[in-house]
Amino acid sequence: MGDGTVVVRGHAAVPAEPDQLEVTLTVSAVTATPDEALVEAGRLNAELGRVLDELAVRACDRSQSGLAVREEFERIEGRWARRGYRAANVAVRMTDPSHVGRLLREAVGRVGAQVDGPRWRCRPDHPARAEACRQAAADARRRAAAYAAALGLRLGPVLRVAEQAGDGGAPGPGPALTPTDMRIRAGHLDVEAAVEVTFSLEPGEA
């Protein structure tokens, strides 16, 4: 009969060369009426679409939200005055770095887009993700073995494994942009994994 269980949490962070780039482009328009704002934002969004078409950005690599309209105010001489209505549309682009410099120049120059990013990520099938999982599991076993040894016991079979919540690789810092031609150089990021493992405990030291 076993002498109980031990529950441990293993963690690992594996340095990775990112293989995916994300940039968010927002087009917006402020006009006197909501209808005008929608029309103008729609026009700008269509122009942004043409920019993406010219760069051969596939439809599956684009993600777009719907238009949102809100009333705009500004403070003038201590009082709030209505400025008009703003309609905004956000397009999210994931790509390799080869055309990102031109994408940013064209999006800002032709449609006045606001830019968030770029940011590096690792794709779901990046080898570093599997390696992080392997190291997290090994870390869990080391921790459990240390507890067992301190208690004069040995590890038994694994009873339960649960991956801990997390995205497995948060966005890294934005890539470096050179001011002359906006070439993009890849950064580095850590792909993380965490796992909770339950081991049985048995009499006798390992």
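The values are calculated or read from the model by the stated rules, or taken from the named source; none is laboratory data. The shown structure was predicted, so the numbers you read here are calculated from the model rather than taken from an experiment. Please note: Cβ atoms are built from the backbone with ideal geometry, for glycine as well, and neighbour counts cover all protein chains shown.
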- Query: Scanning segment 45-75 for residues that are part of a strand (DSSP E or B) and among the basic types (Lys, Arg), which turns out surrounded by the most Cβ atoms within 10 Å (Cβ to Cβ)?
  - Reply: Arg62
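For segment 21-44, check the following and say yes or no: at least one residue is over 21 Å from Arg110 (Cα atoms) and surrounded by 15 or more Cβ atoms within 10 Å (Cβ to Cβ). If you could, list the steps in order and put the result at the bottom.
In the first step, residues of segment 21-44 are kept if they are over 21 Å from Arg110 (Cα atoms); the result is 21, 32-35.
Those left that are additionally surrounded by 15 or more Cβ atoms within 10 Å (Cβ to Cβ): 21, 34.
Looking through segment 21-44, at least one residue is over 21 Å from Arg110 (Cα atoms) and surrounded by 15 or more Cβ atoms within 10 Å (Cβ to Cβ).
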- From Gly49, Gly78, which residue is out of contact with any His (no Cβ under 9 Å at 6 or more places or on another chain) and either over 19 Å from Gly117 (Cα atoms) or of a type in the set (D, E, K, R) (or both)? Gly78
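Give the residue that is nearest to Ala68 (Cα to Cα), with candidates limited to residues of segment 1-40 that are in a strand (DSSP E or B) and of a type in the set (S, T, N, Q). Write out each step before concluding.
Start the filter on segment 1-40 by keeping residues that are in a strand (DSSP E or B), which leaves 5-16, 20-31.
This time we only want the ones that are of a type in the set (S, T, N, Q), so: 5, 20, 24, 26, 28, 31.
Details: Thr5: 53, Gln20: 28, Thr24: 16, Thr26: 11, Ser28: 9, Thr31: 13 Å.
Per the stated criteria, the residue is Ser28.
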- Given (1) at pLDDT 90 or above; (2) surrounded by fewer than 19 Cβ atoms within 10 Å (Cβ to Cβ); (3) part of a helix (DSSP H, G or I), number of the condition Arg105 does not satisfy: (1)
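Yes/no per residue for (1) without any contact (Cβ under 8 Å) to a residue 12 or more places away in the chain; (2) touching a helix residue (DSSP H, G or I) at 6+ places or on another chain (Cβ under 8 Å):
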{"site": "Glu22", "(1), (2)": "no, no"}
{"site": "Thr33", "(1), (2)": "no, no"}
{"site": "Ala46", "(1), (2)": "yes, no"}
{"site": "Leu52", "(1), (2)": "no, yes"}
{"site": "Leu55", "(1), (2)": "no, yes"}
{"site": "Gly66", "(1), (2)": "no, no"}
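Just to check your reading of the model, which residue among Ala32, Ala41 is aliphatic (A, V, I, L, M) and in contact with a Gly (Cβ under 6 Å, 6 or more places away or on another chain)?
Exactly one of Ala32, Ala41 is aliphatic (A, V, I, L, M) and in contact with a Gly (Cβ under 6 Å, 6 or more places away or on another chain), namely Ala32.
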- Answer with yes or no whether Ala149 is part of a helix (DSSP H, G or I) and touching a strand residue (DSSP E or B) at 6+ places or on another chain (Cβ under 6 Å). no
